[in-house]
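Participant: This is the structure, below, for whatever I ask next.
Values quoted throughout were computed directly from the atomic coordinates according to the rules given, and no laboratory measurement underlies them. Remember, predicted model here, so these are calculated numbers, not experimental data. Using ideal geometry, Cβ is built from the backbone for each residue, glycine included, and neighbour counts are taken over all protein chains shown.
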């Protein structure tokens, strides 16, 4: 895959304004470099993305981004105007990091490439290492490197006259009035999904991920409809109860007459791939489902597949995550007058022992404790790293170097910046940043790239996004039923059992296998042992966590162990990176 790396300004180390880019056009001192595609300009798909963007910039000036949709990370370097514009697509499918260097700007799809640019040599940020431990990723706009930043979805950075400003160029317009009829919305959904898969230009080397969920099943079915051939599909199993969805993938395969392929991930796969996966990311990344994603993409590549279609995005567009209904229950508590809550209910509830053997009393205490936390911080109330005593977890010197509330404030800023006051809309907008752009899309894109396979995301086609914005919240999620509109609209296309199935994640049974697989234990416990010397977390905390995992819930403690092991694996793979302001590593 071609890198996207460049710099603007008269840098002696970079006389050419763009070093590498998959798409590039120049005219009259203006250069456009672009990674991604497809790209639409004023609703028309561009055969030459860089050329179309260049023409849009020359026609509309700095307002050109309002005319673009699709998938892109781009740079416009206007030497006559001494202006550089960097921009990321509306959903953050691509990735764009940058750093200002005097009156110039360095940019790349990789934060590490920017950090290693001559003249920068940025060091690691202890704050970002803590944010990773808390959130399992380093969310935009920050990166793990000092002075290097990432663009959030739908934003741009403009360097002009030596001054760099960051702004949002696209804000979604959620339905706030009378919606179209269900029939009209359904027909538009089906047409937009068909057009989205068609826009991916599928050919004989194209296949689809198939988990058996709503979105991967939809994409696989549409692939067959668009091409007129049985779709090739690739599915993952684990052989562990509670993690395996192959039953539903097989149902979808039969429905669409797919040429189905299945791969069972084992603990040995983790041992073989963990160091390689950690090294592949430009920043620490803790989503353990990167392992099955890579295994599936590699398996597809071994069968001659060069292009995979993924179903990511549907839950965040059409209301499919369990927290969308669960958090409504907590919001109901916050509608009680504050005086009654703080003056009567909460003092009484605090008298209940949180470990009470009386189940209703214990649940009441837990409910009030969680409901008191404002959104979106409440989403982290289950998080082991959020709940732990930081004094017992962090090395004292490291803790003194970080702000343990900074990441939570950034989350609140994104949540509050939603253009709609509706609770579901706020949740969706928040997830576009933290669940999609920073997490799931990054996971799938990088793992496919590592496997040597191109990936497309039809659910994030501009037409599908625009249709989702027209669906009012009451139609999208009815009561406690997730994705009400989508399920009703897809009747007759998707199998009934898939429409009725409960939401199932793409989790890895890492915590289960860690208890019994000797080689996996040797690898992971070795990484944790090495982490002890870095003075990030306290050695006795790691020992306690290992004991809690062995004696307690394998999944809950296992994900915390995974994050810590991946941090150490990343630090070892990127050994040239050194923290600033702290003696770790």
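Participant: Taking neighbour counts of Cβ atoms within 10 Å as a proxy for exposure, in what order, fewest first, do 170, 513 appear?
Facilitator: 170, 513
Participant: Over the alpha-carbon set of the range 404-514, divide Rg by the Kirkwood Rh and report the Rg/Rh ratio to two decimals.
Facilitator: Radius of gyration over Kirkwood radius for the range 404-514 works out to 1.00.
Participant: For a protection proxy built on the mean count of beta-carbon atoms within 10 angstrom, sort 487-499, 342-354 highest first, please.
Facilitator: Output ranking for 487-499, 342-354: 487-499, 342-354.
Participant: Would you mind pulling out the separation of the Cα centroids of the range 89-147 and the range 154-191, in Å?
Facilitator: Each part's Cα centre sits 25 Å from the other's.
Participant: Hey, another quick one. Output the relative contact order of the range 510-573, whole-number percent, from Cα pairs under 8 angstrom with separation of 6+ residues.
Facilitator: Here the relative contact order equals 47 percent.
Participant: At a temperature of 20 °C and a viscosity of 1.002 mPa s, determine how fast the range 323-416 diffuses translationally according to Stokes-Einstein, using the Kirkwood radius over alpha-carbon pairs as Rh; express D in µm²/s, rounded to the nearest whole number.
Facilitator: 140 µm²/s
Participant: Let me ask another. Quick one: Cα centre-to-centre distance for the range 364-397 and the range 197-251, in angstrom?
Facilitator: That distance is 37 Å.
Participant: List the relative contact order of the chain as a percent without decimals, with contacts defined as Cα pairs under 8 Å and 6+ residues apart.
Facilitator: 16 percent
Participant: Additional query: Ranked highest first by average number of other Cβ atoms within 10 Å, how do 460-466, 210-216, 197-203 line up?
Facilitator: Final packing ranking: 210-216, 460-466, 197-203.
Participant: Remind me, relative contact order of the range 323-416 in percent, using alpha carbon pairs under 8 angstrom and six or more residues apart?
Facilitator: Answer for the range 323-416 is 24 percent.
Participant: Quick check on packing: order 93-103, 274-284 by the mean number of other C-beta atoms within 10 Å, highest mean leading.
Facilitator: The packing order, highest mean first, is 93-103, 274-284.
Participant: What order do you get for 303, 574 when you list them from fewest to most C-beta neighbours inside 10 Å?
Facilitator: Going from least to most buried by this count: 303, 574.
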